[in-house]
Amino acid sequence: MNYDIANPDLAPQGARRVEWAGRRMTVLGTVRERFVKEKPLKGHVVAACLHVTAETANLMLALRDGGAEPLLCASNPLSTQDDVAAALVAEGIPVFAIRGEDPETYYKHINAVLDHAPAVTMDDGADLATVLHTDRRDIEVIGSTEETTTGVIRLRAMAADGTLRVPVVAVNDSATKHLFDNHYGTGQSTLDGIIRASNILLAGLNVVVVGYGDCGRGVAKRADGMGSHVIVVEVDPIRALAAAMDGHRVLTASDAAEEGDVFITVTGNKHVLRAEHFEKMKDGVILANAGHFDIEIDLASLGADASERRNVRDNLDEYVLADGRRILVAAEGRLVNLGAAEGHPADVMDMSFSNQALAAEWLIANEGKLEPGIYTLPPEIDEHVAAIKLEALGGGLEKLTEEQASYLSGWQEGT
Ligand code: ADE
């Protein structure tokens with residue numbers, strides 16, 4: 001079997017972590033049980049470009065149970081859990097991913113999974129889809145799936161300029177993905193990453209959250225819960241107003257730069273923290289990014305202004321500026337939750353990855369019927385995923401009485 005990982009000997013440790021994560025992935029477990037019986041993906045190669053984590057490993061196993069031949073490469077050079085990669089290889093699933101790989105190896109690995117002529121591709125950030133639409137136009141796929149907001153934005157841009165040549169399921173747009181993974185997952189795992197990298201006490205600190213989408217809201221809520229004073233920076237007036245009414249101070253980046261102790265970028269945009277902000281920051285501030293790409297903090301300009309850069313702890317680098325101020329950067333400005341911690345907990349990836357597995361099934365079931373474009377999974381699938389998760393949490397779902405159902409579908413009854 002063809003693969004490229006850091007160390008196959010790490011497999012037993014990885015297998016324990018995969019098993020532990022699997023215990024908390026009840027919806028995916030239900031999908032897997034059905035997949036074992038029905039084999040809806042039978043004979044299809046599925047190439048996934050996702051963060052190589054214990055949760056992703058459970059998705060790979062579910063795809064295999066569904067009859068697919070899954071392959072995996074990394075969607076970020078710093079998020080690979082090498083022990084998990086080894087565990088998957090020991091299971092016979094080819095993995096091409098090494099934590100800390102350079103950009104050349106990263107793209108070599110994407111090409112390696114594409115060399116297996118996949119029928120379905122899965123992305124987290126649309127790097128694989130981009131290669132599929134540039135260097136590897138030789139590969140014909142039934143369809144693709146996309147996990148994250150940034151990837152969906154990129155794919156919509158490809159659709160808008162006529163480049164997109166395949167149907168894509170925007171898994172991110174399922175309610176059981178973005179309302180939970182983005183909010184609760186990013187909220188918890190981002191603080192987890194910052195704490196593991198720095199071991200700081202968040203209580204009493206000014207935490208600046210740049211971006212108040214689903215992810216930013218989650219981060220702000222959790223920082224608030226830890227006793228931080230949350231300041232939000234936002235360009236969208238409606239989101240900014242929501243932040244204000246959620247009880248946060250809303251400032252410009254320039255004003256927030258003077259007050260923050262910890263800065264967390266969650267915008268999906270470029271250089272939201274840059275030289276003009278670094279100039280105003282206090283000594284010892286910590287910068288972390290929870291957006292998909294490592295472009296949100298302008299590290300090139302920070303590096304150019306620094307007289308010295310040194311690693312002070314695992315996943316924490318200190319830049320010393322000419323005036324002696326120190327600015328610390330977690331996980332090299334890459335996704336802090338995956339670079340410095342283990343990503344979102346399995347409990348929430350459960351729903352995201354059930355949607356991924358069901359999206360692969362839906363694409364294969366609709367082979368030849370879908371035009372190139374961006375699709376959202378049918379609402380029944382979303383509701384099914386939510387209902388199973390609720391049941392697993394011990395919740396009970398109320399049902400409409402006949403009288404209520406008829407009231408909601410009528411208009412005659414008023415005051
Ligand atoms: N994205 C965020 N957290 C993740 C995780 N635990 N596994 C895979 N992708 C993720």
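Residues considered: 56, 80. Of these, the only one that is under 18 Å from the mean Cα position of the chain (by Cα) and closer than 23 Å to residue 39 by Cβ is 56. If the condition is being assigned to a loop (DSSP other than H, G, I, E, B), touching a Ser or Thr at 6+ places or on another chain (Cβ under 9 Å), of a type in the set (D, E, K, R) and open to solvent by 60 Å² or more (accessible area, probe 1.4 Å), then region 258-313 contributes 274, 280. Residue pairs whose Cβ atoms lie under 7 Å apart, sitting 6 or more positions apart in sequence or on different chains, and linking a residue in region 145-166 that is modelled with pLDDT of 95 or more to a partner that is more than 13 Å from the ligand (Cβ to nearest atom) and charged (D, E, K, R), are 152/173. Checked against (1) in contact with a helix residue (DSSP H, G or I) (Cβ under 8 Å, 6 or more places away or on another chain); (2) open to solvent by 60 Å² or more (accessible area, probe 1.4 Å), residue 210 passes all but a single condition, namely (2).
Matching residues to (1) open to solvent by 60 Å² or more (accessible area, probe 1.4 Å); (2) closer than 24 Å to residue 115 by Cβ; (3) within 12 Å of the ligand (Cβ to nearest atom); (4) among the small types (Gly, Ala, Ser):
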site	(1), (2), (3), (4)
16	yes, no, no, no
35	no, no, no, no
54	no, no, yes, yes
61	no, yes, no, no
82	no, yes, no, no
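Within region 193-211, which residues are within 16 Å of the ligand (Cβ to nearest atom) and under 18 Å from the mean Cα position of the chain (by Cα)? The answer is 193, 194. On the stretch given as region 236-249, residues that are touching a residue at least 24 places away in the same chain (Cβ under 8 Å) and either assigned to a loop (DSSP other than H, G, I, E, B) or open to solvent by less than 100 Å² (accessible area, probe 1.4 Å) (or both) total 6.
Taken together, 173, 124 contain a single residue that is open to solvent by 10 Å² or more (accessible area, probe 1.4 Å), in contact (Cβ under 8 Å) with a residue 60 or more places away in the chain and closer than 30 Å to residue 228 by Cβ, which is 124.
Of the helices (runs of 4 or more DSSP H) lying entirely inside region 320-415, those containing at least 2 residues that are surrounded by fewer than 16 Cβ atoms within 10 Å (Cβ to Cβ) and either within 15 Å of the ligand (Cβ to nearest atom) or among the aliphatic types (A, V, I, L, M) (or both) are 379-392, 402-409. Considered as a group, the residues in region 193-212 that are assigned to a helix (DSSP H, G or I) and of a type in the set (A, V, I, L, M) include one that is farthest from residue 234 (Cα to Cα), and that residue is 197.
How about region 213-234: which of its residues are part of a helix (DSSP H, G or I), closer than 16 Å to residue 185 by Cβ and open to solvent by 10 Å² or more (accessible area, probe 1.4 Å)?
Those that are part of a helix (DSSP H, G or I), closer than 16 Å to residue 185 by Cβ and open to solvent by 10 Å² or more (accessible area, probe 1.4 Å): 214, 215, 217, 221, 222, 225.
Output the number of the condition that residue 190 fails; it satisfies all remaining conditions of (1) under 22 Å from the mean Cα position of the chain (by Cα); (2) in a loop (DSSP other than H, G, I, E, B). Unmet condition: (2).
The values are calculated or read from the model by the stated rules, or taken from the named source; none is laboratory data. Quick caveat, the model's predicted, so the values are computed rather than measured. Note that we place each Cβ from the backbone using ideal geometry, even for glycine, and neighbour counts take in every protein chain shown. Side chains included, ligands, DNA and RNA excluded: accessible areas come from the protein's heavy atoms. Shrake-Rupley method; radii C 1.70, N 1.55, O 1.52, S 1.80 Å.
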